[in-house]
1. Tell me the per residue accessible area of the range A:133-234 using a 1.4 Å probe; a whole number in Å² is fine.
2. How far apart, in nanometres, would the label points at B:Glu34 and B:Thr149 be if each is projected 7 angstrom from Cα along the Cα-to-Cβ direction?
3. Hey, can you grab everything whose amide H is under 5 Å from the amide H of A:Leu186? Only 5+ residues off in sequence or another chain; H modelled, so Pro and N-termini drop out.
4. Take A:Ile78 and A:Thr226, extend 7 Å from each Cα along the Cα→Cβ direction, and tell me the distance between the two endpoints in nm.
5. Taking a ≥ b ≥ c as the square roots of the Cα gyration tensor eigenvalues, with a/c under 1.5 meaning rounded and otherwise prolate when a/b beats b/c, else oblate, which class fits the range A:1-49?
6. By the scheme Lys and Arg +1, Asp and Glu -1, what is the net charge of all other residues having a beta-carbon under 11 Å from that of A:Arg151?
7. At what distance in nm do the modelled label points of A:Ala166 and B:Thr179 sit from each other, each positioned 7 Å from its Cα along Cα→Cβ?
8. Taking H as built 1.01 Å from N, whose amide H comes closer than 5 Å to the amide H of A:Lys209, not counting residues under 5 places away?
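The values are calculated or read from the model by the stated rules, or taken from the named source; none is laboratory data. Values in this document were obtained by computation on a predicted structure and should not be read as measured data. Don't worry about glycine lacking a Cβ; one is built from the backbone with ideal geometry, like all the others, and counts go over all protein chains shown. Side chains included, ligands, DNA and RNA excluded: accessible areas come from the protein's heavy atoms. Shrake-Rupley method; radii C 1.70, N 1.55, O 1.52, S 1.80 Å.
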Amino acid sequence: MNPDVHTLTGAYAMNALDADERREFERHMAVCPDCERETRELERTAAHLGMAAATVPPPGLRAKVLAEVSRTRQQSPIAPALPRQRRWAVPVVSLVAAASVLVAVVFGIGVLTANQELDRERALAEQVTAIVGAADARTEVAGNGKVVSSRLLGKAVLLASDQVPAPRSGKDLQAWAISDSGVVSLGLMARTHSGRHAPMVFPTTGVSKIGVTVEPSGGSAQPTTTPVLLVPVA
Amino acid sequence: MRDRARAVSQLHGPAGVATLTPEELVQQVARGDEAAFGQLYEVLAGPIYGVVLRVLRDQAQSEEVAQEVLVELWRTATRYAPDKGSVLTWALTVAHRRAVDRVRSAQSSADREDRAGRLDAGRPFDEVSEQVTARLEREQVRICLKALTDLQREAVLLAYYRGYTYREVAELLGSPLGTVKTRLRDGLIRLRDCLGVA
Ligand SMILES: [Zn+2]
């Protein structure tokens with residue numbers, strides 16, 4: 001996703017995006033209330049351009065439409081639940097699509113959650129969007145882990161796929177930054193409100209790899225088990 | 001928008017139909033009321049057909065697409081969300097999108113190249129004033145379009161009335177992609193402020 005994705009409101013409101021960008025922007029709007037608001041206003045504005053083109057329809061149209069209407073069933077007023085997003089780990093998924101899926105996952109709709117938690121996930125989604133959309137964003141994949149990093153931003157994000165099992169009770173997943181000078185804890189891996197591994201954003205300075213280990217609840221000072229994830233940082 | 005909807009319905013419809021707002025009509029349509037849909041048709045058919053015709057430039061195809069759009073509105077009236085915009089905005093957004101989909105679909109690609117070929121000589125702003133019956137709306141939009149810079153206006157008109165993507169607009173105008181993206185946005189924002197869209 002472009003870092004200047006916010007400027008797409010106009011193109012979106014005029015249907016001037018191609019299909020991929022359109023979906024991309026719709027996912028962005030789901031996490032960006034400013035873009036959503038502006039887009040609604042610009043759609044109303046574009047509708048004026050449409051109104052200015054109003055013209056008398058062909059005389060036969062009314063009868064055709066009403067005939068078709070009389071044999072057309074209306075949609076149920078209840079929208080179906082959103083289909084579950086595929087995991088990012090599918091190889092064909094592009095970097096950008098992966099980020100969007102991630103944002104969608106982080107934002108998993110349908111589960112009520114405390115506002116505070118939602119705010120936190122929203123803030124996280126924004127950080128992730130910025131990293132993945134950075135001009136110099138690079139991706140490394142290893143096993144069930146993926147790290148997208150931007151040296152320009154000095155930040156990276158670790159994504160653990162659904163294949164990484166949730167820790168059993170009494171255990172936590174702990175992430176580690178590995179550099180020449182040693183191993184430093186990045187903290188415990190959080191879960192999103194939809195029960196997935198939350199992305200973890202960390203500073204890239206000096207970091208060559210990210211590891212994740214299963215540790216006793218609350219975490220350890222240093223890793224005590226074999227990593228379930230070990231991903232290089234580009 | 002609502003007042004203009006009334007104005008348009010009075011332009012197009014039989015006398016006396018415009019007693020309910022489009023929003024009220026849609027509520028009834030959502031309960032399967034075909035007579036209410038007949039009234040809604042009077043309000044929406046002119047703008048829908050007009051915008052589709054403007055993009056497609058072919059009467060037969062435009063009638064087909066307008067019919068699809070109107071039936072889609074009937075089908076989906078059950079899920080119309082007033083907070084996302086007025087009925088007219090909803091209808092015109094759907095209509096414009098369907099017209100653009102049609103123009104970008106494979107079967108009309110040849111025609112599209114033809115249109116692109118003719119475009120160099122085209123003067124979109126003049127064409128805006130063609131085929132217009134919603135006089136009030138037309139005048140206001142016309143005045144407000146003049147408030148845009150040349151590049152903003154050309155980009156907006158090519159994207160909206162020709163159904164081009166911003167990439168195509170950039171190609172046609174020989175401007176960088178980023179510039180066109182920005183002009184589409186700030187052009188529409190200027191138009192929004194001039195038209196007093198809340
Ligand atoms: Zn935004």
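1. 46 Å²
2. 5.4 nm
3. A:Ala175, A:Trp176, A:Ala177
4. 4.8 nm
5. oblate
6. Neighbourhood net charge equals +1.
7. 5.3 nm
8. A:Ile178, A:Val233
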